[in-house]
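Just so it is clear, none of the values below were taken in a lab; they were calculated from the coordinates. All of these numbers come straight from a predicted model, not from anything done at the bench. Positions of Cβ are backbone-derived with ideal geometry, glycine not excepted, and every protein chain shown enters the neighbour counts.
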Amino acid sequence: MKANCWMGKQHVQLRDVPDPTIVHPQDIIVRVTSSAICGSDLHLYNGLVPTMESGDILGHEFMGEVVETGHDVKTLRKGDRVVVPFPVACGTCSACTRQLYALCETSNPNAWMAQKLWGEAPAGLFGYSHMLGGFSGGQAEYVRVPFADVGPLKVPEGLTDEQVLFLSDIFPTGYMGADMCRITPGQTVAVWGAGPVGQFAIAGAKMLGAGRIIAIDRFAYRLRMAQEHAGATDIINYEEQDVLSALADLTDGRGPDACIDAVGMEAHGHGPSYVYAPDRHNDRTLLERPLALQQAIVSCRSGGTVAVIGVYGGHIDKFPMGALVNRSLTIKAGQCHVHKYMRPLLARIGHGDIDPSFVITHRLRLSDAPQGYEMFMHKEEGCEKIVLSL
Ligand code: NAD
Ligand code: ZN
Ligand code: ZN
């Protein structure tokens, strides 16, 4: 089959690889009908995630048709259409039973690798390095999906791929960011990053009753989408305005009740931490640039919540611990526990509350994935979200 493979830093390639096979009785094989490129893929693309190997198949946002089932699979059969959550989760361990699916204790066969970096290992993720399980991803013709009775969500008839594809990741992820903020009606939420994840954090904050939602980015087309489609009431272009004073002006000087970092470790910015960090190629721990996170903490209203859904991998410095402690801030973070949110959010799509396809700006062939990664990374041609199909 054809698959989009990671070949090294900023190098992906469509390659012929062996078809996946059932290796466990609870596996299914899915023929992928749609997949997408995520901001998290860019961290792999830019070589910031250790334990990637040349030839690894990328892609953790995907859906398709079941073409084969292991003999223990009970809820799915050949021909079913499914959308697959990006964490691999067993459904029965102590983390899964607490709905912390991205922390599944049994799905990551290479847990020891992650333990070295993070103390304990999170779940395995599709297409996301060997330390996160070494699972082949879904930017491919076919993909093996373990724990088939736990993760994949059957798509009701009448919904298109584009309406439900993002249940695999970015819609639940953005929504989880808003959920972490414990929003009470009318509160103000600020969201750093108007990428696809930020758009759904904004949409989530709106669903959960926020009164004012402020989107922060530097790309006018992304801020426009946040305002016209996701539900932002205000926008701040950080190239034109000072973020901290603009936020203070919008909130009677107190700051937003909650702040969401939907940017992560590759934040763009000005000043020493942006300028120097890219040169530290030999020390991964110094590569991360927590510029959005710093602003989110410093600007948050005293007693408020900072939700971190942008991905970080190692260590950061210049962390404003003093603000966190002395102003009683709460910080919450995580890879998305997608399984927890998929069904309620599918219901919202079914009811017509939201059509997540508003983020799609480019529809490309799987064979165009290399150009897609470049375009998405450089935010060229008004690119917000790329969907790939054969
Ligand atoms: P993206 O690259 O499309 O969007 C990131 C946005 O952040 C861009 O629009 C960029 O201009 C903006 N940005 C950069 N620096 C900024 C700054 N200093 N202030 C404000 N905005 C800034 O990526 P995406 O797909 O939206 O993903 C965003 C983040 O979410 C990534 O780190 C990704 O890894 C992470 N993510 C996390 C999960 C999870 O489960 N927690 C799931 C999916 C993605
Ligand atoms: Zn993703
Ligand atoms: Zn589990």
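This model, with +1 at the C-beta of Lys and Arg and -1 at the C-beta of Asp and Glu, gives the range 174-333 a dipole about its Cα centre of some 360 debye. What residues of the range 325-367 lie in the reach of a label at THR51, counting those whose backbone N is under 17 Å from a point 7 Å from the Cα along Cα→Cβ? Residues passing the 17 Å test: 335. Farthest towards the positive end of the charge dipole of the chain, among the residues ILE183, TYR238, LEU153, is the Cα of ILE183, using unit charges on the Cβ of Lys, Arg, Asp and Glu.
Between MET321 and SER357, the contour length at 0.36 nm per residue exceeds the alpha carbon distance by 9.1 nm.
Compared with the dominant principal axis of the Cα atoms in the chain, helix 196-207 is inclined by about 70°.
Its relative contact order, with pairs defined as Cα atoms under 8 Å and 6+ residues apart, puts the range 174-333 at 22 percent.
Using the Cβ of CYS96 as centre and a radius below 11 Å, the other residues enclosed give a net charge of +1, where K and R count +1 and D and E count -1.
To make sure I understand the rule: partners must be aspartates and glutamates, Cα under 16 Å from the Cα of LYS206, and not fewer than 8 residues away in the same chain. Which ones qualify? Answer for LYS206, where 16 Å is the Cα cut-off: ASP179, GLU228, ASP234, ASP257, ASP353, ASP355, listed by chain and number.
The ranking of ASP149, ASP27, ASP242 by Cβ neighbour count inside 10 Å, starting from the fewest, reads ASP242, ASP149, ASP27. Distances between every pair of Cα atoms in the range 174-333, grouped in 5 Å steps from 0 to the bin holding the largest one, split as 2, 10, 20, 23, 22, 14, 7, 2, 1, 0 percent. Please tell me the relative contact order of the chain in percent, rounded to the nearest whole number, where contacts are Cα pairs under 8 Å and at least six residues apart. After rounding, I find 17 percent. The local environment of CYS181, defined by Cβ-Cβ distances under 15 Å, has a net charge of +2 under the rule Lys, Arg +1 and Asp, Glu -1.
Cross-link partners of LYS78 among aspartates and glutamates, defined as those whose alpha carbon lies under 13 angstrom from its own and excluding same-chain residues fewer than eight positions apart: ASP27, GLU65, GLU68.
Relative to the Cα centre, the charge distribution of the chain, modelled as +1 at Lys and Arg Cβ and -1 at Asp and Glu Cβ, gives a dipole magnitude of about 680 debye. The GNM of the chain, with springs linking C-alpha atoms under 10 angstrom apart, assigns the highest mean-square fluctuation among VAL32, VAL67, VAL23 to VAL23. Size estimate for the chain follows the Kirkwood approach: the inverse of mean 1/r over distinct Cα pairs works out to 21.0 Å.
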